[in-house]
Each structure stands twice: as structure tokens, then as C-alpha cells.
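The values are calculated or read from the model by the stated rules, or taken from the named source; none is laboratory data. No experiment lies behind these values; they were computed from the predicted model shown. Positions of Cβ are generated from backbone atoms using ideal geometry, with glycine treated the same way; all protein chains shown enter the neighbour counts.
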Amino acid sequence: MHKKRDMARNPSPQVQLQRIKHITTFLNNGGGNLTELLDYVNEKLIEENLPPIKERQIQYDLNKLNSGDFAHSKKHLTKDERGNLFRYEVKNKKYQWESNSEQPVFDDLQDEERLTLPFLFGLLKRYETIPAVEKILRVVKENYNMSEKELNKDEMFVVHNISMNDIDFEEELVKVALQLIGHIQRSEVIEFNYTWVGNLDNAANSYGYYKIAPLQVKLYENYYYLTGINLTPEEDEEAGETKKTGKIVNFRIDQILQLKVEPSLDETEANIEMFDRSKLIQDSGFKDHFKHVLGVWTPSATDDLHRVTIEFKDWAASYVRHLKFHPTQRFVGMDPKKKTYTISLDLKLMPEIMKGKKVTERAPELQFLLGRFRECASIIKTKRI
């Protein structure tokens, strides 16, 4: 024989939270006697297709309100601290807030907002090993009493991305990326050994030493990149001295030897070498450096700005119609009969060393972009601007 559940002592957490919200609204509106409170809460419950309650239940809910033991914006406090937040009093049979009491703030979500939670979890799932992301997902789950279905366990929303074939290596990459962000925030010069992406040789002598003032970490096409100012000492044979290039450079983080990055020490070997990030960004022109490139390719001073007009056709035209590949992208035209869609991009192109060289060969990432569309994408005009 099953024991009948005592709803007063063991209410559903979500239903009880809803009743506490109604009690809070009643007290916020000036309060009233117990009958008025009970009538108000039951009226709201009936509107929400929830069962009405009796006096014993409302007293139980009032005790929960006093204890602070429910989902609200200060739920992170200790039990004792929560127990002193929300205090009501009864004066002349009227229930009202004490003069020094706080009122609970609920982290409410509208129905349409709650439906976006599987979307959020799907997007962030890949990065759940990052401590801050893990905490955000956990807090969202707890604060909004999310069910297993809402947690996207049955994959209502799926994000299909290329991922690393070694999960442990990807986690290490994320850790290094976070470490680099820390160096950037503290304006610390760093050093590491690195091999360029075209080199698959892992021998120690295939790596070079670099000293960098880090400015930015990027996630692009499934890889993490570090961009900074090159402070690596270089020998100037003609001048017979050592100098620093001061150029903006990119590094793919997975190519750093053993994923090991260390802060650079000053001449005393006792202090970390620092730099003025704001001044370096201004002096180097970093803000506009990538303004006319696709992705992470680093242009040089000899690269000129061109307006590149691209025509897509058939399935490619439909695919690109609602996409924006670059901030400078402009709509040029569309021909439904010919099934073409045309755009232009303002991009830096490498110098035309050999006449007749393809435009895509002068902008590596443009070649990468258009390559996926094969014969359905073609450059129809290039004009220097």
C-alpha cells in the first residue's frame, strides 16, 4: 500500500517556487490579511492551471520564504545569510514586509526564452571543459530547474563542428588559450618555441624561438591563433647590431612546442617584462590591420587594397545569399533566371609578381573560401581602390 504524499511538506519545487513568487508579489503590493493572501495566491494558481492550496500550505510557503531556501538571485549565499534576507511581519493581522527586509529577485525566463536554453547548451557544449563555461551551464541548470529534456540530452538542437581528433589535446589547447588571455590582460611579454604551419617535423631543431607582446587570441576555422607584436631579437648584419622587428605576427597555438608558453623576464632576470598594450595597439595600427583580410592571414605593407567582385551560381548562389563573409561585403546583384548572386569584398592582395597570376593566389584565404564552391564561384572583376 502506497503512503499518500503530504503536499504541504513535500511540494513540487517548481510549483512551490511559483507560489512563493505570488506571495512575494502580494507583499510587494502592500500585503493584506491571511484570507486575502490565500485568495490572491489561489487565484494566480488557477490561472496557471495549478492546484489551489489551503492555509497550512501557505504557512509552509511563508516559512520557505523566510528561510531563503528557494531559487532566487542570492541563492549562492550561505544558509544563515539567506535566512536573514526576506523577512515579513504580521501587524494587526496584516502580512507585510518588515521595514528592513529585502525582496527576492527571481531569475525568471519567459516561455519563449526558456525554449532557447537547448540552443545555449548546444553551442557551449564543446567548451564545457572551460571552468567559467562549466559554471555558467551548471548555474543555468540549477536556477531554472532544467529537466533532462531541456538540457538537450535528446539532441533537439545539434551544433555540427569539426573538432580535434584528440579530446585531451583540445583541452590543453583551451588551457593555453586561457593562459595567453591572462598574459594579454596583464600586459606581459611572453616567449615560446614555434614551428610554422607548413612544417610537420617535430624535431627540436625545426622550432624557432619567439618573444612576443601578445594582443589577441582568435578562434578561427576550428583553430586557435595568437596575434601579437614580434619582439624577437634579430641580428642586423649590415649594422652589426641586434634589433626587434616590431611587426604584427600570427601564430597557430597548436604549433607551439609542447604547448609551453612562459612570461619573458627583463634584464635583471627577476621581473616579468611588461608592455603598454594600448600604446602598442595604437602605434602598430593593430585595430585596422585585419580590416581588409579574410580570417587570420597577415597582410604586409606592400599589399594593396582591391575591390573583388565574385559571382556565385546555382546551389552556391542560394547558399551565400544570406551569409556575410566579411564586414566590407556589398550586394552587387542577383539574376534569378541565370541563378546567380554577386557580391564584392574589399581585400588586401599581395603584389602581382607574375603577370596573369590568379587573384586567389594573391589572397590565400580568398582561395580557401572560394574553393569550397568549386566551379560555382568565380571572380568576375578586380579593381584597385
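Remarks
- Filtered by the rule that a residue be free of Cβ contacts under 8 Å to residues at least 40 places away in the same chain and part of a helix (DSSP H, G or I), the stretch 50-75 gives Glu55, Ile58, Gln59, Leu62, Asn63, Asn66, Ser67.
- Where Glu352 falls short, out of the listed (1) in contact (Cβ under 8 Å) with a residue 12 or more places away in the chain; (2) under 30 Å from Thr227 (Cα atoms); (3) of a type in the set (Asp, Glu): (1)
- Selection status of Asp304, more than 27 Å from Glu188 (Cα to Cα), in contact (Cβ under 8 Å) with a residue 60 or more places away in the chain and more than 24 Å from the chain's Cα centre (by Cα): yes
- Among the residues listed as Thr328, Thr342, the single one being at pLDDT 95 or above and assigned to a strand (DSSP E or B): Thr342
- Members of the stretch 302-325 found to be charged (D, E, K, R), under 17 Å from Leu366 (Cα atoms) and not in a strand (DSSP E or B), listed by number: Asp303, Lys324
- Qualifying residue in the stretch 284-293 (condition: surrounded by fewer than 16 Cβ atoms within 10 Å (Cβ to Cβ), out of contact with any helix residue (DSSP H, G or I) (no Cβ under 9 Å at 6 or more places or on another chain) and polar (S, T, N, Q)): no
- Restricting the stretch 144-173 to residues that are touching a Phe, Trp or Tyr at 6+ places or on another chain (Cβ under 6 Å) and over 30 Å from Lys74 (Cα atoms) leaves a set whose member that is modelled with the highest pLDDT is Leu173.
- Filtering the stretch 259-301 to residues that are in a helix (DSSP H, G or I) and free of Cβ contacts under 8 Å to residues at least 40 places away in the same chain leaves Ser278, Lys279, Gln282, Asp283, Lys287, Asp288.
- Matching residues in the stretch 237-255 - criterion: being among the aliphatic types (A, V, I, L, M) and modelled with pLDDT under 65: Ala239
- Leading residue by the ranking (modelled with the highest pLDDT) among those in the stretch 222-236 that are more than 17 Å from Glu191 (Cβ to Cβ) and surrounded by fewer than 18 Cβ atoms within 10 Å (Cβ to Cβ): Tyr223
- Residue in the stretch 357-366 that is surrounded by 15 or more Cβ atoms within 10 Å (Cβ to Cβ), among the small types (Gly, Ala, Ser) and at pLDDT below 90 present: yes
- Exclusive hit being under 41 Å from the mean Cα position of the chain (by Cα) and modelled with pLDDT of 90 or more, set Thr25, Thr35: Thr25
- Of all residues in the stretch 87-104, those satisfying the criterion of being touching a residue at least 40 places away in the same chain (Cβ under 8 Å), under 12 Å from Thr24 (Cβ atoms) and assigned to a loop (DSSP other than H, G, I, E, B) are Gln103, Pro104.
- Any hit, the stretch 320-338, residues being closer than 30 Å to Ser187 by Cβ and in contact with a Lys or Arg (Cβ under 7 Å, 6 or more places away or on another chain): no
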